[in-house]
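Student: Please read through the structure below; I'll follow up with questions.
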Amino acid sequence: MRGSVTGLCFPGTCRVCGRVLIGQEKMLCLRCLYDLPRTYHWIFPCHFITEPLSSMPSCTGAISFLFFREESPYRKLLHRFKYGGEKEIGLYMGFLYGKELLRFHTTTEKPVIIPIPMSSFKRRKRGYNQAEWLAAGIALATGWKLDVSAVKRVREKTSQTVYDREGRRENMKNSFIAQSIPYREVLVVDDIITTGATMESCAKAILDTNADIRIGFASLAYVE
Ligand SMILES: [Zn+2]
């Protein structure tokens, strides 16, 4: 199946500008594909975009694929992916992201991809975990292993929007538990990084049971 995602059928209109797709265009028209607000974080090793992670020595870096700006038409894309049931957007964007990650991956170690888990209650409600679709796209492009059961979510956060940075960290505490896993390096994948509180909490859970592991983070979008 690897490499076949670009051959999947994504009919219809561009998910950003609404123009009818033609020829080889999939999901996005060529112009919107070209203009994706890429961060290029992956070109710079050990990139840290949030403070809490930079103080964790086991963390190798945190990167995002796209900037998520208030006025950007690309917000539509992420909204459709996360709330509109269009999970294929995550697979497609993950595939694009994975190709970039692979191109600039400089070590021989292949990280195992772990999507940020969702509680079973929320999963039933939404029907899918968007981080898993994104992670599957990255796995397809890179050939890196995907593990969806290494980490479990034991507590769903309450809405983060009412909290400041410190409040968000407190709200996320003890949200995850991790199994003992035999990997040396993992890449934790989520849809959006805001303060990094979710990733910090997940990293702590992984390190609780796997002291010697190295953890990198990759999200689809970064809120500026
Ligand atoms: Zn377009």
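The values are calculated or read from the model by the stated rules, or taken from the named source; none is laboratory data. Since this is a predicted model, take the numbers as computed values, not measurements. A quick note on method: Cβ atoms are made from the backbone with ideal geometry, for glycine too, and the neighbour counts reach across all protein chains shown.
Student: Of the numbered conditions (1) away from the ligand (no atom under 16 Å from the Cβ); (2) surrounded by fewer than 20 Cβ atoms within 10 Å (Cβ to Cβ), residue 116 fails exactly one; give the number of that condition.
Tutor: Single failed check for residue 116: (2).
Student: Restricting the range 18-35 to residues that are surrounded by 17 or more Cβ atoms within 10 Å (Cβ to Cβ) and near the ligand (Cβ under 8 Å from one of its atoms), which is farthest from residue 76 (Cα to Cα)?
Tutor: 29
Student: Which numbered condition trips up residue 91, out of (1) within 16 Å of the ligand (Cβ to nearest atom); (2) in a helix (DSSP H, G or I); (3) at pLDDT 95 or above?
Tutor: Just one mismatch for residue 91, condition (1).
Student: Among the residues of the range 115-138, is any basic (Lys, Arg), closer than 18 Å to residue 36 by Cβ and outside any loop (DSSP other than H, G, I, E, B)? Steps first, answer last, please.
Tutor: Applying the first criterion (basic (Lys, Arg)) to the range 115-138 yields 122-126.
In the following step, the residues that additionally are closer than 18 Å to residue 36 by Cβ were identified as none.
No, the range 115-138 has no match at all.
Student: Same structure again: For the range 62-75, check the following and say yes or no: at least one residue is more than 28 Å from residue 203 (Cα to Cα), at pLDDT below 90, surrounded by 13 or more Cβ atoms within 10 Å (Cβ to Cβ) and within 16 Å of the ligand (Cβ to nearest atom).
Tutor: Within the range 62-75 (the criterion being more than 28 Å from residue 203 (Cα to Cα), at pLDDT below 90, surrounded by 13 or more Cβ atoms within 10 Å (Cβ to Cβ) and within 16 Å of the ligand (Cβ to nearest atom)), the answer is no, since none of the residues qualifies.
Student: Separate question: Scan the range 62-77 and tell me whether some residue there is in contact (Cβ under 8 Å) with a residue 60 or more places away in the chain, under 19 Å from residue 21 (Cβ atoms) and among the hydrophobic types (A, V, I, L, M, F, W, C).
Tutor: yes
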